[in-house]
1. Quick one: would you say residue 87 is small (Gly, Ala, Ser) and over 21 Å from residue 133 (Cα atoms)?
2. Within the stretch 55-76, is even one residue assigned to a loop (DSSP other than H, G, I, E, B), within 23 Å of residue 170 (Cα to Cα) and touching a residue at least 12 places away in the same chain (Cβ under 8 Å)?
3. What do you reckon, is residue 128 part of a helix (DSSP H, G or I) and surrounded by fewer than 13 Cβ atoms within 10 Å (Cβ to Cβ)?
4. Scan 51, 105 and give me the residue that is surrounded by fewer than 21 Cβ atoms within 10 Å (Cβ to Cβ) and part of a helix (DSSP H, G or I).
5. Just one of (1) of a type outside the set (D, E, K, R); (2) under 20 Å from residue 52 (Cα atoms); (3) touching a strand residue (DSSP E or B) at 6+ places or on another chain (Cβ under 8 Å) trips up residue 90, so point out which.
6. Looking only at residues that are among the β-branched types (Val, Ile, Thr) and out of contact with any helix residue (DSSP H, G or I) (no Cβ under 6 Å at 6 or more places or on another chain) in the stretch 100-150, which one is nearest to residue 165 (Cα to Cα)?
7. Can you confirm whether the stretch 54-63 contains a residue that is surrounded by 14 or more Cβ atoms within 10 Å (Cβ to Cβ) and at pLDDT 95 or above?
8. Conditions first: (1) of a type outside the set (S, T, N, Q); (2) at pLDDT below 90; (3) surrounded by 12 or more Cβ atoms within 10 Å (Cβ to Cβ); (4) not in a helix (DSSP H, G or I). Residue 176 passes all but one, so which condition is the exception?
Amino acid sequence: MIFKRISIFILIFFSLGFPLNFLVSRWEVAGTQMKKVGNYELGVVLSGMAEYNKDLKVLSARRGIDRIWQTISLYKKGKIKKILISGDTGYIIRKGLHEADQLKEVLVLWGIPTEDIIVENKSKNTYENAQFTGDMMRQYKYKKKFLLITSALHMPRAAACFKKQNLKFDVFTTDHYSTKNTEFTFDQLLPSINSFVMWEVYLKEVVGYTVYSLRGYL
């Protein structure tokens with residue numbers, strides 16, 4: 001009977017939005033209004049925002065596509081002069097996705113000059129994003145501070161990896177799950193299947209940060 005009660009408690013707890021929103025809000029790196037962003041020679045945006053439809057031969061957007069959406073806005077507003085897209089694919093088995101190269105094709109199609117888009121197309125995870133981007137900057141002797149762009153929930157791990165490479169940067173976070181001005185609603189006290197999905201997203205970052213720390217990536 002005790003195990004049944006524990007199981008029911010765990011099921012209810014992980015289906016509620018309120019405790020999850022509390023944890024997520026404290027993990028995410030706060031956003032910055034675009035008008036308050038300074039000017040940079042380079043914006044580095046991390047991959048992990050798209051999938052590839054092999055039938056249609058096109059990229060398919062995921063929630064993280066806000067990373068490139070906001071990057072385009074930063075570029076169009078003159079906040080960044082060039083865009084560096086870092087990352088090939090994190091999939092081990094699924095083929096067809098080569099995100100940096102394919103996103104560059106899309107941006108060129110949308111009118112951004114090809115000379116303003118740089119790709120780092122070897123990395124397969126956040127640690128390699130930082131390592132290979134750092135290698136490129138050292139190769140070309142780029143020493144200016146750049147703008148690191150990724151999801152708010154992903155930024156703690158990403159920023160720690162880039163700091164490990166002794167790179168100078170400021171952060172700009174996207175696709176926030178929580179905001180300071182979000183009002184509490186009673187539906188956060190009701191069980192929701194969406195909470196289970198969000199727990200997976202949150203725990204992926206927490207576990208990823210922990211593993212990276214243990215492996216000396218941070």
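The values are calculated or read from the model by the stated rules, or taken from the named source; none is laboratory data. Just so it is clear, the model here is predicted, and its values are computed rather than measured. FYI the Cβ positions are ideal-geometry reconstructions off the backbone, even for glycines, and counts take in every protein chain you see.
1. no
2. From the stretch 55-76, those assigned to a loop (DSSP other than H, G, I, E, B) are 55-57, 62; that's our starting set.
Right, trim to within 23 Å of residue 170 (Cα to Cα) and you get none.
No, the stretch 55-76 contains no residue that is assigned to a loop (DSSP other than H, G, I, E, B), within 23 Å of residue 170 (Cα to Cα) and touching a residue at least 12 places away in the same chain (Cβ under 8 Å).
3. No; evaluated as a whole, the condition is false for this residue.
4. 105
5. Only one criterion is unmet by residue 90, namely (3).
6. Checked the stretch 100-150; the qualifying residue nearest to residue 165 (Cα to Cα) is 133.
7. no
8. Unmet for residue 176, out of (1) of a type outside the set (S, T, N, Q); (2) at pLDDT below 90; (3) surrounded by 12 or more Cβ atoms within 10 Å (Cβ to Cβ); (4) not in a helix (DSSP H, G or I): (2).
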